[in-house]
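Asks: Have a look at this one before I ask anything.
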Amino acid sequence: MKTIRTKAIIIRRTNYGEADRILQLLTPDYGKVSVMARGVRREKSKLAGGIELFATTDVTIMTGKGKLGILTGSRLVKFYGAIMQDYDRLTFAYEILKQVSRAADAIDEPAFYDLLEQGFSYLEDSDIGLDFVRVWFWLQLGILLGHGLNLSTDDSGMKLVEDARYNFDESQGVFTYRENGRFTSDHIKLLRLMSAQSPKVATKVQGAAELLEDSLWVAERSFGH
């Protein structure tokens, strides 16, 4: 048996028996970890306050030969409670949890933890429109999965240029030059910005809100979503 201490975000909680819960955690140090939280559903449990959804937590886990560790300590660091006051933001927060959990099964990448933490922070910020967060998240997830959106060249390898118009080929994940295409260089500039910066930066760009619907369509499809 050994004890580990790490930051964690709760991905899933499953009731077990009369008072226990099985928790699936995402950590920056150990990836996905499953633990048993014994007695946590009892009224006076010392662990209960530290295992909220949409929160970052410091946890202490006792590990052994089995797949399940034992949660022996939890301390709530940051609870993003404002997310729960808006149905659409809450729905997307669950989508973020689902997508990052799936990605973490495929790739051992510490940055998935940061993506979750940042995503919750942006969702809680009412000054950032939800669609800005959505575009940012899908772009960042694609980058971490190794197939981020190509914002440099079109399907023929030509540089994406100012004042040209493009369509987006979902099957290849690339822009294609079309004289009357759906996407302009302004869309591409916004997507470049949101690939590299926070969504809050993008909200300050004049005219960005008018580009969001099309930009979200591309971001969602850029890696086969």
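What follows is calculated from the coordinates using simple rules that are stated; it is not laboratory data. If you're wondering where the values come from, they're calculated on a predicted model, not measured in any experiment. All Cβ positions, glycine included, derive from the backbone under ideal geometry; neighbour counts span all protein chains shown.
Asks: Kindly list the residues of the stretch 5-39 that lie in the label zone of Lys46, defined by a backbone N under 20 Å from the point 7 Å along the Cα-to-C-beta vector.
Replies: Answer for the stretch 5-39: 5-8, 19-23, 35-39.
Asks: Continuing with the same structure: Which lysines have a Cα lying under 29 Å from the Cα of Lys67, excluding residues fewer than 8 positions away in the same chain?
Replies: Lys2, Lys7, Lys32, Lys44, Lys46, Lys78, Lys98
Asks: Shifting gears a bit: For Asp29, what is the net charge nearby, where nearby means another residue's Cβ is under 15 Å from its Cβ and Lys, Arg count +1, Asp, Glu -1?
Replies: Here the charged neighbours net out to -1.
Asks: If you don't mind, another one. Work out the charge dipole of the stretch 82-221 with +1 on the Cβ of Lys and Arg and -1 on the Cβ of Asp and Glu about the Cα centre, then indicate which of Ala202, Phe183, Ser156 is farthest towards its positive end.
Replies: Ser156
Asks: Run the simple label-point estimate for Ser171 and Lys159 please: 7 Å along Cα→C-beta, distance reported in nm.
Replies: Between Ser171 and Lys159, the simple spin-label model gives 3.0 nm.
Asks: Rounded to the nearest 20 Debye, what is the dipole magnitude of the chain about its Cα centre when Lys and Arg each give +1 and Asp and Glu each give -1 at the C-beta?
Replies: Once rounded to the nearest 20, the dipole reads 1480 debye.
Asks: Please work out how much length the chain gains when fully extended from Lys2 to Ser152, using 0.36 nm per residue of separation minus the C-alpha to C-alpha distance, in nm with one decimal.
Replies: Separation in residues times 0.36 nm, less the Cα-Cα distance, equals 49.2 nm.
Asks: Given an 8 Å cut-off on Cα distances and at least 6 residues of separation, report the relative contact order of the chain as a percent.
Replies: Numbers: 400 pairs, mean separation 33.0, N = 225.
That works out to 15 percent.
Asks: Just need the relative contact order of the stretch 2-79 here, percent rounded to a whole number, with Cα pairs under 8 Å and 6+ apart.
Replies: Working: 189 pairs, mean separation 24.6, N = 78.
Relative contact order of the stretch 2-79: 31 percent.
Asks: Once you wrap a convex hull around the alpha carbon atoms of the chain, what is its projected area averaged over all directions, in nm²?
Replies: 14.0 nm²
Asks: Given R₀ = 35 Å, what would the calculated FRET efficiency be for Asp86 paired with Thr14, taking r from the Cβ atoms and rounding to 0.05?
Replies: E between Asp86 and Thr14, to the nearest 0.05, is 0.85.
Asks: Is the shape of the stretch 105-184 rounded, prolate or oblate, going by the alpha carbon gyration tensor and its root eigenvalues a ≥ b ≥ c, with a/c under 1.5 for rounded and a/b larger than b/c for prolate?
Replies: Oblate, since a/c reaches 1.5 and b/c is not below a/b.
Asks: Between Arg102 and Ser34, how high is the FRET efficiency from 1/(1 + (r/R0)^6) when r is the Cβ-Cβ distance and R₀ = 25 Å? Nearest 0.05.
Replies: Result of the calculation: an efficiency of 0.95.
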